[in-house]
Structures are given as C-alpha cells and as structure tokens.
Amino acid sequence: MTVLVDPPAWPAHDRLWSHLVSDASLHELRTFARAAGIPDRAFDLDHYDVPDERYDELVAAGATPVDGRELARRLAATPLRVPGHERRRAKRPALLARWAALWAAGADPAAHDAGGITAVGEDVVDRWREPHRVYHGRLHLADVLDAIGPLARETGAPAREAWRAEVALWFHDAVHDGATPDDEERSAALVGVLLAPLERRRVLSAGDVAEIGRLVLVTAGHDPAPEDLAGCLVSDADLAVLGGDAGRYARYVAQVRAEYGQVPDADFRAGRGAVLDQLLTLHTGPGLFRTPAARHRWADQAERNLRAELAALR
C-alpha cells in the first residue's frame, strides 16, 4: 500500500493544490492524512486536496511523489476511484436540486417559494457533507435516491407512500456518529424538529411527519413487516450497495473501514463480522431485500459479496 502525492499544479482559491491518494486503502490514506495534520474537510470522496505549502512536508512524511498523470492512473486502477458522473450527482447543488424537485411534486409550491422547504433541504444536505463521513456521506445519499425511484415504480407503490419513503431516505443518516441504533433514533427525532414548521404551515400533515420518522427507524434493523411497503422500499434502497458489482462493493468496504478508522483492526473485524452475520441471517431468513424488484436486482450478488467479505475477515 502506498500513499501518493502529485506536485501542486491545480489552481483554486488563489493558490495551487496537490492531490493525496492511496492506491489500495482509504483507511491508510485517512490515517496518514490525520497524522500529517490534514483536516478531514480536505477529503473529497477518493482523495485529499492539500495546499502547495504542504507538499514537501507530505513527501518527507512518507508520501510517494508522482506526476499527476501517474497519480490518476494508479487511482483509476483501484476500486477506490469515484468517477466524474458519480461525483457530479453528489455535489451540493445537484442534491439541492433533487430536494427541490421532490417537494415540488409533493408539497405546496407557495411554501417552497417562501423558503421553508429550501432551508430544511440546505440543513439536511450539509449534514450529509460533514467531514468525518466517508461512506455515510453525500455519495450514499445520491445512491439511495437513485435506487428508490425504480423500486417504487416497479412495485406499484402509491404516490404518497413512495414520496414519504423518499423523504425518509434524505433523513435516514442525517445524524451519523457511528452508533446504531442511536444514529437512527436521532435522525428520526430530527425529522420532527426540521419538519415541524412545515407541519404548522400545513405543508405537511402530522401523519406525514410521524410516518417519515417511523420510516427512518426502519434503517436501524432493516427488518420491515411484509405489509409495510414504504418500509420495504426504504430498507431495500439503503441496502442496494450490497448488491453492487465486485468493484463497487470493494469501494464500499474500503469506505466503511476508513469511516471507522479510529477502531483497532481486531475490534473492527469483530464488529464488522457481526454486521455481516446479521445481514446474512436476514438473507437466509425473511430476506435481505423485501421487494421483488430489489431481490431480482441485487439479492444473489449481495450474498456473494457478503460471504466473500466475511471469509476475508476470518
């Protein structure tokens, strides 16, 4: 494993910047960056942006200097790279546009124009952009939003039910400190806090707010009742990453390890193994994915991914 840095040649904010990457491990990269005093906020999905005055210091600390072309080639050869089309849909303006479109379809446009819904969206999106997040960040939010639309259409979910489920996904990891189920409980509580003004203005009903909060809690255990269609949609969209191809799954695994980088390796292996056992128990019991559409898309590949990761851990 190697941490790489290219020369400061990228202009932004009236200075030049270098890129700091790893060719194998986001955990290694984050550990190196933190030891060098690079703040988490400098991380951008698969690399750190570092100012020109830090270049010599990073090389002295052990980063391997390479030119920009070589750095890009080495990163692209790994599953860690986040390609441009994924990066674009996870940017703040793109996410805010999706939030506005969702509410234009499901709320009073006059309320949106007054700024209430816009302000809530900005708050929620900025929570997903917190610098300590690696996996549970803005790219995950874009992924689950991409997943739920096709699932809702293919299951024939009623429009209001599907709309509530999608709003719940915006909130489901809005609070994330790595402590299940506390994160989900706090995220559900945030629904009540941020959407209460919209309820008072009759943009939403009390039933809407309560149901959105309930759906957020489904993501703590991913075990909705069979008749809970909205809960099944939320759970399946949240777990869609498990059914990605081998490269996408490898990136997810790397992101999770980096996000819990403060946990020693032995403790992480034990905790992650318990999570994988729980997911495989769901797979062999009631089903990891609850809607027919999700099972068809992801179930077989998810089982292969989970079993391969568990074998590697052990």
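Among residues belonging to the stretch 16-41 that are of a type in the set (Gly, Ala, Ser) and in a strand (DSSP E or B), point out the one that is nearest to Gly68 (Cα to Cα).
Of the residues in the stretch 16-41, the ones of a type in the set (Gly, Ala, Ser) are 18, 22, 24-25, 33, 35-37.
The next check asks that each one be in a strand (DSSP E or B); those that pass are 18, 22.
Numbers: Ser18: 9, Ser22: 14 Å.
If we take residues in the stretch 16-41 being of a type in the set (Gly, Ala, Ser) and in a strand (DSSP E or B), then Ser18 is nearest to Gly68 (Cα to Cα).
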* Asked: Quick check: anything in the stretch 218-233 outside the structural domain of Val21 (by TED's automatic domain parsing), without any contact (Cβ under 8 Å) to a residue 12 or more places away in the chain and closer than 24 Å to Arg186 by Cβ?
  -> yes
* Please go through the stretch 128-157 and pick out each residue that is free of Cβ contacts under 8 Å to residues at least 60 places away in the same chain, part of a loop (DSSP other than H, G, I, E, B) and under 18 Å from Gly106 (Cα atoms). => Gly156
* For Ala258, indicate whether it is part of a helix (DSSP H, G or I), modelled with pLDDT of 95 or more and either over 14 Å from the mean Cα position of the chain (by Cα) or within 22 Å of Leu151 (Cβ to Cβ) (or both). => no
* To do: Run down Arg186, Arg251 and say which single residue is without any contact (Cβ under 8 Å) to a residue 24 or more places away in the chain, surrounded by 15 or more Cβ atoms within 10 Å (Cβ to Cβ) and basic (Lys, Arg).
  => Arg186
* Structure fact -> All-but-one check, Asp277 against (1) in contact (Cβ under 8 Å) with a residue 40 or more places away in the chain; (2) over 27 Å from Leu45 (Cα atoms); (3) not hydroxyl-bearing (Ser, Thr, Tyr), failing number (1)
* Structure fact -> Only one of Val203, Val209, Val263 is in the same structural domain as Glu122 (by TED's automatic domain parsing), outside any helix (DSSP H, G or I), surrounded by 13 or more Cβ atoms within 10 Å (Cβ to Cβ) and touching an Asp or Glu at 6+ places or on another chain (Cβ under 6 Å), namely Val203
* **Candidate set from the stretch 147-183 (those that are of a type in the set (D, E, K, R) and more than 22 Å from the chain's Cα centre (by Cα)); member that is surrounded by the fewest Cβ atoms within 10 Å (Cβ to Cβ)** => Arg153
* **Residue check, Pro11 surrounded by fewer than 15 Cβ atoms within 10 Å (Cβ to Cβ) and under 25 Å from the mean Cα position of the chain (by Cα)** => no
* Asked: Which of (1) assigned to a strand (DSSP E or B); (2) within 20 Å of Val256 (Cβ to Cβ) does Arg87 not meet, given it meets every other one?
  -> (1)
* To do: For Leu45, indicate whether it is outside the structural domain of Arg133 (by TED's automatic domain parsing), touching a Lys or Arg at 6+ places or on another chain (Cβ under 7 Å) and on the phi > 0 side of the Ramachandran plot.
  => yes
* Asked: Out of all the residues in the stretch 293-314, which are surrounded by 13 or more Cβ atoms within 10 Å (Cβ to Cβ), more than 14 Å from Ala250 (Cα to Cα) and touching a residue at least 40 places away in the same chain (Cβ under 8 Å)?
  -> Ala293, Ala294, Arg297, Trp298, Ala299
* Asked: Among (1) under 30 Å from Val193 (Cβ atoms); (2) modelled with pLDDT of 95 or more; (3) surrounded by fewer than 19 Cβ atoms within 10 Å (Cβ to Cβ); (4) not polar (S, T, N, Q), which single condition is Gly221 missing?
  -> (2)
* **When residues of the stretch 14-48 are limited to those that are without any contact (Cβ under 8 Å) to a residue 24 or more places away in the chain and surrounded by 18 or more Cβ atoms within 10 Å (Cβ to Cβ), the one nearest to Ala250 (Cα to Cα)** => Ala33
* Any idea which of Ala189, Ala168 is out of contact with any Lys or Arg (no Cβ under 6 Å at 6 or more places or on another chain), within 30 Å of Ala254 (Cβ to Cβ) and part of a helix (DSSP H, G or I)? -> Ala168
* Asked: Is it true that Gln255 is of a type in the set (S, T, N, Q) and farther than 15 Å from His140 by Cα?
  -> no
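The values are calculated or read from the model by the stated rules, or taken from the named source; none is laboratory data. These numbers were taken from a predicted model, which means no experiment stands behind them. Every residue, glycine as well, gets a Cβ built from its backbone with ideal geometry; the counts of neighbours run over all protein chains shown.
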